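Derivation of every value follows stated rules applied to the coordinates shown; laboratory data play no part. No experiment lies behind these values; they were computed from the predicted model shown. For neighbour counting, all protein chains shown are included, and Cβ atoms are generated from backbone atoms with ideal geometry for every residue, glycine included.
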Amino acid sequence: MLKETCDMEIQNRTGYGIKRAVLIVMDSLGIGAMPDAADFGDEGADTFGHIISSFPDLKIENLRRLGFCNIEGAAAGQLKTGDAAGVYCRLSERSKGKDTITGHWEIAGIETLTPFKTYPDGFPEKFIESFEKAIGRRVIGNYPASGTVIIEDLGPEHETTGRPIVYTSADSVFQIAADTDVIPLRELYRICGIAREMLTGDLSCGRVIARPYIIKDGRRVRTADRRDYAVAPPQETLLDNIVKAGMDVTAIGKINDIFDGHGITKAVHTEDNADGAARTAAAIKENTNGLIFTNLVDFDSKYGHRRDCSGYGHAIEAFDAVLPEIMEAMNDDDLLVLTADHGNDPVHSGWDHTREYVPMVAWGKKISGGKDLGTRDCFADIGATLAEILGVEKTSIGRSFASELFR
């Protein structure tokens with residue numbers, strides 16, 4: 001009864017008739033270089049466009065039907081549809097960066113003015129010495145690398161000596177890889193927790209990431225037990241505002257890690273994209289209100305970073321195939337929003353994120369589809385829109401497009 005009363009209050013105070021938003025981040029699915037991409041070494045990057053060039057017959061009928069391919073800059077207008085069911089646009093990133101935390105935080109209403117510190121030459125020796133003393137182990141590595149490459153290069157030494165593998169990337173990350181038969185998962189998490197406590201102040205780092213792996217059939221394979229230890233958001237976000245208003249925020253995938261648990265009422269771990277999509281559909285069927293916030297990380301971690309264009313294309317097809325299950329689970333008073341947090345062009349040099357526009361597609365049974373909202377100034381327009389629709393406190397940045405969504 002209390003839940004029904006809360007739902008009615010949401011709909012009455014906003015007038016939009018929406019009690020819950022389902023926000024899915026297709027991690028790294030950028031749609032073309034931003035004007036300042038050259039400043040980040042990313043001139044010419046185009047994650048979706050280059051995938052389409054490699055797969056001109058990409059089977060994404062559901063995304064097409066929603067209007068994904070109608071977005072300005074999305075694969076140079078290929079695969080457009082004349083009768084889009086959704087409202088769509090592309091979003092510019094206002095923050096200074098192109099990493100996971102910066103992108104997600106901006107979606108939720110935070111502008112990052114100073115990029116997170118990166119370590120292109122590895123972490124300072126004095127820090128490494130202090131870290132080794134704190135965890136009671138020597139480490140190996142401490143340089144920028146691809147995660148799948150470094151466990152092959154340094155795996156034999158790690159497995160023989162028990163020393164964890166430390167590495168970073170172009171992002172602000174301190175990653176620790178270990179064979180779980182050598183360093184059990186609980187111990188790896190403990191080590192990462194110590195690193196998180198130490199990497200503050202002058203040694204600030206956006207994320208500490210546990211990267212466990214196993215040896216299967218003679219190959220080193222990373223497991224789904226990755227855990228991210230992020231810095232806490234510097235201010236309240238859309239998520240906090242929803243919770244303060246007495247509603248639910250269900251975090252699926254690594255969303256809980258990205259926001260350091262802030263503004264979240266339920267956290268759901270996922271194994272991969274398929275599991276994330278399935279758990280999103282299951283969460284929709286629960287009697288909740290507020291926000292279901294999902295990150296589908298495989299696009300980024302398994303394909304973008306590994307520069308696997310073929311794998312990335314097939315992953316988009318796989319998500320497109322399960323999208324109807326998510327849409328069919330939705331109620332009349334639900335709103336679906338699809339977006340991304342940065343690019344990770346599998347054709348670009350290196351193995352890191354790319355500075356790109358991101359897509360936004362909104363769909364719901366009360367949405368008036370077929371509208372192109374052009375290019376918008378900020379990822380936080382999503383957060384501002386959801387705040388208005390749900391009738392909660394405004395985000396500190398962002399301009400709502402709520403009025404454009406409804407008949």
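Taking amide H atoms as placed 1.01 Å from N in the peptide plane, list the residues 5 or more away in sequence, or in a different chain, whose amide H sits under 5 Å from that of A267.
Correct list: A251.
Please report, in Å, the Rg and the Dmax of region 125-230, where both are computed over Cα atoms only.
12.7, 43
Please check which bits of region 65-96 a label hung off R399 would reach, taking the label as a point 7 Å along Cα-to-C-beta and the cut-off as backbone N under 14 Å.
90-94
Residue separation times 0.36 nm, minus the C-alpha to C-alpha distance between S92 and E72: what's the value? Write out the running numbers ahead of the final one.
Working: separation 20, 0.36 × 20 = 7.20 nm, distance 1.19 nm.
Full extension from S92 to E72 adds 6.0 nm.
Step by step: find N for the chain, compute 2.2 N^0.38 Å, then divide the Cα radius of gyration by it. What's the final number?
Working: Rg = 20.9 Å, N = 407, 2.2 N^0.38 = 21.6 Å.
For the chain, the normalised Cα radius of gyration comes out at 0.97.
For R137 and D39 in the same chain, what is the full-extension length gain: residue separation times 0.36 nm, less their Cα-Cα distance, in nm?
Length difference between fully extended and current span is 31.4 nm.
Restricting to region 155-253, what percent of DSSP beta bridges are antiparallel, rounded to 5?
Close to 60 percent.
Gaussian network model of the chain, Cα springs within a sub-10 Å range: biggest mean-square fluctuation belongs to which of P346, P124, P164?
In this elastic network of the chain, the residue with the biggest mean-square fluctuation among P346, P124, P164 is P124.
Going down the list K216/K254; K19/K266; K371/K394; K285/K366, which pairs span over 27 Å between their C-alpha atoms?
Pairs exceeding the cut-off: none.
Quote the charge dipole size of the chain about the Cα centre in Debye, to the nearest 20; the model charges only the Cβ of Lys and Arg (+1) and of Asp and Glu (-1).
It comes to approximately 520 debye.
Given 0.36 nm per residue, what is the gain on full extension from A321 to D153 after removing their alpha carbon distance, in nm? Mind dumping the intermediate values first?
On the way: separation 168, 0.36 × 168 = 60.48 nm, distance 3.66 nm.
Contour length minus the Cα-Cα distance gives 56.8 nm.
Would you grab the residues whose amide H sits under 5 Å from the one on V22? Only those 5+ places off in sequence or on another chain, please, with H modelled 1.01 Å from N.
I292, L335, L336, V337
Can you tell which of D181, D257, D202 shows the greatest fluctuation in a Gaussian network model of the chain with Cα springs below 10 Å?
D202
I want the local charge near K59. Using Cβ-Cβ distances under 12 Å, sum +1 for each Lys or Arg and -1 for each Asp or Glu among the other residues.
Details: positive: R64; negative: D57, E61, E317, D320.
Summing Lys/Arg as +1 and Asp/Glu as -1 gives -3.
Local charge sum around A387 (other residues, Cβ-Cβ under 9 Å, Lys/Arg +1, Asp/Glu -1)?
-1
Spelling out what I want: for every residue of region 123-131, take phi, set θ = phi - 60°, compute 6.51 cos²θ - 1.76 cosθ + 1.60 (Karplus), and round to whole Hz; glycine and proline get x.
Listing the rounded values in order: 7, x, 4, 4, 5, 4, 4, 5, 5 Hz.
Compute a Gaussian network model of the chain, connecting alpha carbons closer than 10 Å, and tell me which residue from A108, A85, A282 fluctuates the most.
A282
For the ranges 315-322, 27-34, what's the packing order if you count other beta-carbon atoms within 10 Å of each residue, average per peptide, and put the highest first?
Those peptides, ordered most packed to least, come out 27-34, 315-322.
Using DSSP, restrict attention to beta bridges with both residues in the chain and report what percent are antiparallel, rounded to the nearest 5.
Among the beta bridges of the chain, antiparallel pairing accounts for roughly 40 percent.
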